[in-house]
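Asker: So that we are looking at the same thing, I have put the structure below in structure tokens.
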Amino acid sequence: MPNNSETASASGGFSVIEILVAASIVLLIGGVSATILLHAFGLWENGVRRSHRLTSDDELSTQLARDFASAVAGCGFEGDERQCRFRTLAPAGTQTVALLNVEYRAEERAVLRRAVPAWSGQPDNRRFAPCQELCLAYGASDDPEDVWRETWSNPTNAPARLRFRRAGEGGAVWSSLYARRTP
């Protein structure tokens, strides 16, 4: 018959096999949890990047629409697929407007907007980034709706329509069409 002290010490602890099984279970749960957590952080960072890009694209689209809608036709307009220059009217205070020389120019993964008051004042440079590739096309008022020009250079007239295209994810192409409101 075994001694009571021997039985108590043998049943009071864990065997080496039990410790190894418990440690492997803890390591397995920890590894799976870490993998899930790392993937969740990656998805979150990807969503933040897309959100920043979409916000920047939306701000660019809104600003370009405002500027083009108020473009002054008789002051000339120059543009190609990657840049355009024209004069526009912008609010300058209560019931007043300012005439601005505006330039949009594509850079790598960004679009630069430079607005300089026509007579005096400091230039306003704004960089929209990250941004999709800028691709512009122009339409005259007497052109059919499906006809677009890659360039526009007219010292006395601005296009009636502007198409702003950008590449989306998976090869999709998104277009925004703008119309000039000023004569």
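Since every read-out is calculated from the coordinates, none of them should be taken as a lab result. Small disclaimer: the values here were computed from a predicted structure and weren't measured. Cβ placement follows ideal geometry from the backbone for every residue including glycine, while neighbour counts extend to all protein chains displayed.
Asker: Counting other beta carbons within 10 Å of each Cβ, put 152, 119 in order, fewest first. Walk me through the numbers on the way to the answer.
Answerer: On the way: 152 21, 119 7.
The fewest-first ordering by Cβ neighbours comes to 119, 152.
Asker: Taking neighbour Cβ counts within 10 Å as the exposure measure, how do 166, 127 sort from fewest upward? Can you show the working numbers first?
Answerer: Working: 166 18, 127 13.
Going from sparsest to densest Cβ surroundings: 127, 166.
Asker: A further question on this structure: Obtain the nm distance between the two label points defined at residue 145 and residue 34 by a simple spin-label model: each point lies 7 Å from its Cα along the Cα-to-C-beta direction.
Answerer: Distance between label points: 5.9 nm.
Asker: Binned at 5 Å from 0, what are the whole-percent values of the Cα-Cα distance distribution for the stretch 111-160, short to long?
Answerer: 4, 15, 15, 16, 20, 18, 9, 2
Asker: Oh, and also: Please report 153, 176 as a ranked list, fewest other C-beta atoms within 10 angstrom at the top and most at the bottom. Walk me through the numbers before you get to the answer.
Answerer: Numbers: 153 12, 176 15.
Lowest to highest Cβ neighbour count: 153, 176.
Asker: Step through the residues of the stretch 18-29 one at a time and calculate ³J(HN,Hα) from phi using the Karplus curve (6.51 cos²θ - 1.76 cosθ + 1.60, θ = phi - 60°), rounding each to whole Hz and writing x for Gly and Pro.
Answerer: 4, 5, 5, 5, 5, 5, 5, 5, 4, 5, 5, 5
Asker: What ³J(HN,Hα) values, in whole Hz, does the Karplus curve 6.51 cos²θ - 1.76 cosθ + 1.60 give for the stretch 67-72 when θ = phi - 60°, with x put for Gly and Pro?
Answerer: 5, 5, 4, 9, 4, 8
Asker: Convex hull over the Cα atoms of the stretch 74-183, averaged projected area in nm²?
Answerer: Values: hull surface 32.2 nm².
Mean projected area for the stretch 74-183: 8.1 nm², to one decimal.
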